[in-house]
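**Student:** Here's a structure for you.
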Amino acid sequence: MTATPDVDAFTRPYWDAAAEGHLLLRRCATCTRAHHYPREFCPHCWSEDVHWERASGRATLYTWSVVHRNDLPPFGARVPYVAAVVDLAEGPRMMTEVVDVAEEELRIGMELWVAFRREGDDGAAAPVVPVFGTR
């Protein structure tokens, strides 16, 4: 079992952008709404006319939970950590982790910014995932 994402031909642009320090979303050309997680169709209007777009990296904290126990690798070595849902400035909600923010400082609606963390033991080949924190 692995906690790192599977990279395929469709999601490769997302993971390549993350490795370069950019968060990508998908935006529908028909209804103009952005969505996340990446899909080949718009979950709002079902159009297949969607394209990649670089996100601003800005978000607000919607909700969070401090995880004190997780037996699945690699999460067990990270406890406690903050599992969260953020509202991206472009509209979609995204599940993520909040990093480098003390638990007592967490507030619904607080401004967060994307950061990136390399996952796994594969060196430069390991995927880079978006996480959020304050600047």
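The values are calculated or read from the model by the stated rules, or taken from the named source; none is laboratory data. Bear in mind the structure is a predicted one, so any value in this text is a computation, not a measurement. Heads up, the Cβs are rebuilt from the backbone with ideal geometry, glycines too, and the neighbour counts pull from every protein chain shown. Ligands, DNA and RNA are stripped out before the accessible areas are found, and what is left, the full protein with its side chains, is counted by its heavy atoms. Shrake-Rupley method; radii C 1.70, N 1.55, O 1.52, S 1.80 Å.
**Student:** If I compute solvent accessible area with a 1.4 Å probe over the protein chains, what percent of it on the chain is carbon and sulfur?
**Tutor:** Looking at the chain in its full context, I get 50 percent from C and S.
**Student:** Additional query: If we count every other residue with Cβ under 14 angstrom of Arg39's Cβ, Lys/Arg +1 and Asp/Glu -1, where does the sum land?
**Tutor:** Working: positive: Arg26, Arg27, Arg33; negative: Asp8, Glu40, Glu48, Asp49, Glu53.
So the environment of Arg39 carries a net charge of -2.
**Student:** Once you treat every alpha carbon in the chain as an equal point and sum by Debye, what is log10 I(q)/I(0) at q = 0.09, 0.18, 0.20 Å⁻¹?
**Tutor:** Here log10 of I(q) over I(0) equals -0.28, -1.08, -1.26.
**Student:** Same structure, new question: Provide the per residue accessible area, probe 1.4 Å, for the chain, rounded to a whole number of square angstrom.
**Tutor:** 60 Å²
**Student:** In nm, what is the difference between 0.36 nm times the number of residues separating Tyr62 and Leu106 and their Cα-Cα distance? Let's see the in-between values first.
**Tutor:** On the way: separation 44, 0.36 × 44 = 15.84 nm, distance 1.05 nm.
Gain on stretching Tyr62 to Leu106: 14.8 nm.
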